[in-house]
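The values are calculated or read from the model by the stated rules, or taken from the named source; none is laboratory data. All values derive from a computational prediction rather than experimental measurement. Glycine also receives a Cβ, built like all others from the backbone with ideal geometry; neighbour counts cover every protein chain displayed. When the accessible area is computed, the model is the full protein with side chains, heavy atoms only, and any ligands, DNA or RNA have been set aside. Shrake-Rupley method; radii C 1.70, N 1.55, O 1.52, S 1.80 Å.
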Amino acid sequence: MELKKEMRSHLRRRRQLFSHGRRGLFLCLILVLPSKGFSQSLFNYAEYTYATILTLPTEASEKEKAVSANTGLALSFKNAEARGYVTLPKTTFAELESASSFAGKADLLNDPRYGLGITLFKKRLPTLIKLGTNTYSRSISKLNNPSPSTLANPLVKTFSFSTGIGATLPTLTSSVQPFSSAVSITLPKKQFFLPMTAEVFFTEDVASAVSISAQQSFSSRSTVKSAVTVARFYIENNTAILKKNNAAFDADWFYAALAELSFQSPLLKANCYTGFQQSPYEANPIWIKIDARTYIKLLLLNFSYFSIINAKDSPKAAPLIGGSSTICRVSEQASVNPQILFLLDDRHASSVRFGFSALEQQKVTATNTPVLLTTLKLRAGAAYENHFFTTRFDWTHANILLDGEPPTKSSTPEECHSFSLSSSYAGKHAKLSLSGSYARYPPLTETSALKEVYSADVKIGVPALKISAQAGVDVTLKDGERSAGEFDARITYTMKRKYLHTSLKVGLAMPF
């Protein structure tokens, strides 16, 4: 009887906390700790994480001593998960001393991140609800900023297709986001002919999105996936460049839509995207992106193409403005990436992979007089892998100017030649990785300095001791004289018990 009263009282307190909105949700993360009245079968584990970085510069760097930290707690239940995190941003020792009282030190903390995820109807109609300062990715990221990636990895292995709103509860390093609610409902294949997922989210400032995705398999190795996403964003004019180019606009709500289609088979994989962005200007930008991969015996060929179809109808300074108020300055981009893979007949399942990539890009400069520049990026790489050892070499020649006249020195693409070498070993008792790189930036003019950047990194992990360590150094030279440098080292300890997971990280940064 006493136990039931305790449970009712406990639940009543939790309902009162939830009724107070975001504040209640954050405090609830503490109150949902397993208690005597909860069945242990409902509780999975609690995870506490903490990370801190001390910055202790040398006198030569002319920087102040500072500290930053993140800490938080995650609670995992059978059908629910709760998280709460708080951050101390990079703060100088002088600022810490001036905040003498506890309240003063608390004012230095960033707004907390918190979240609660609940799973319902697992068997018949899986429904996932997420409340808190969530982050959103996948289709939402493409609508926020459609700019394609410029990594052009010559040895890329994965070929992914991820759709939907990508709602994620906050993590230890998440940035502060507005409070939002997200719901995902999956129609299982057993109950429905066509497996589908419907997702929706709303933020406290009334930004919202709806996404519906489906999948159809024609055989055991051929699949078609599709998705449609519609979103509403509040877009602001947050750059002076638009005003100087007579392209300023009043902040307002705008709509965006994205259609995605993927075909996957043993010989061909293709991902196609078509996006529409409502614009503050007369022309509403429409963009397309195609990623494709095919196999011809030992040869693997990747191809990618992106284009804002009606970029010429928009102001040159802003071919497209994404949902995050970010200007997409890339109007067209194409890349090709052939790779050759050799499988070696040995007991370690060894393989050797060679790859080359070429990426051409047309991009508008962020200057008072926007100019369209065409650049080229070339990369090549080679890698050897087996069950426990990997080594890789990369060469890059980036920002090769093919066409256009940069209006200012700062808008001139910084041409770069770089080389990198990395190796890793994963044994039964230890893990080790080493990497190093060198980058050379030729002088832009006769009076400019030759810039060179050296970096090295080492990581060591001992699974038996649950400890990993990392150390690295970066040095920048201009005309042979050091202009910047930093040494950093980090140690991480992780522990997993039945009901408690812990991760502790301590780091030291020394600019010199």
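Just a few scattered comments:
- At full extension, Ser503 and Arg482 could sit 3.9 nm farther apart than now, given 0.36 nm per residue minus the alpha carbon distance.
- Magnitude of the charge dipole, the chain, Cβ model with Lys/Arg +1 and Asp/Glu -1, debye to 20: 2940
- Heavy-atom surface analysis with a 1.4 Å probe gives the chain a carbon and sulfur content of 59 percent of its accessible area.
- Exposure of Ile129 as accessible area (Å², to 10), given a probe of 1.4 Å and all protein chains: 50
- The packing ranking, built from the mean of other Cβ atoms within 10 Å per residue, places the peptides 397-408, 366-377, 130-141 in the order 130-141, 366-377, 397-408, highest first.
- Size of the stretch 259-357: Rg and Dmax of its alpha carbons, in Å, are 18.8, 64.
- For the stretch 263-374: lysine pairs under 22 Å (alpha-carbon distance), excluding those fewer than 8 apart on one chain: 7
- Amide H contacts under 5 Å for Ile309, placed H, 5+ residues apart: Ile286, Trp287, Ile288
- 3J(HN,Hα) couplings calculated from phi for the stretch 374-384 with the Karplus curve 6.51 cos²θ - 1.76 cosθ + 1.60 (θ = phi - 60°) are, in sequence order, 10, 10, 10, 10, 10, 9, 9, x, 9, 9, 10 Hz; Gly and Pro show x.
- The string of couplings for the stretch 409-420 from the Karplus curve (6.51, -1.76, 1.60, θ = phi - 60°) is 5, 5, 8, 6, x, 7, 5, 8, 10, 9, 9, 9 Hz, one whole number per residue in order, with x for Gly and Pro.
- Counting only protein heavy atoms and a 1.4 Å probe, the stretch 344-412 has 53 square angstrom of accessible area per residue.
- When shorter helices are ignored and each DSSP H run of at least 4 residues is given -39500 (n - 2.57), the per-residue value for the chain at 222 nm works out to -2500 deg cm²/dmol.
- Summed side-chain charge close to Lys269 - residues other than Lys269 whose Cβ falls under 12 Å, Lys, Arg +1, Asp, Glu -1: +2
- For the chain, the relative contact order works out to 10 percent when only alpha carbon pairs closer than 8 Å and six or more residues apart are counted.
- The chain - Kirkwood radius from inverse mean 1/r over Cα pairs (Å): 26.9
- Once Rg and the Kirkwood radius are both taken over the C-alpha atoms of the stretch 361-512, their ratio Rg/Rh works out to 1.11.
- Peptide ranges 269-276, 451-458 listed from the most packed, as the mean C-beta count within 10 angstrom indicates: 269-276, 451-458
- Extension gain from Glu415 to Leu344, taking 0.36 nm per residue of separation minus the Cα-Cα distance: 21.8 nm
- Neighbourhood net charge (14 Å Cβ-Cβ; Lys/Arg +1, Asp/Glu -1) for Ser208: -2
- Highest average packing first - 494-502, 467-475, Cβ atoms within 10 Å: 467-475, 494-502
- Under 16 Å from the Ala60 label point (7 Å along Cα→beta-carbon), backbone N, the stretch 476-499: 476-488
- You can think of it this way: the chain between Leu301 and Leu372 has 22.6 nm of extra reach, that is 0.36 nm per residue less the Cα-Cα gap.
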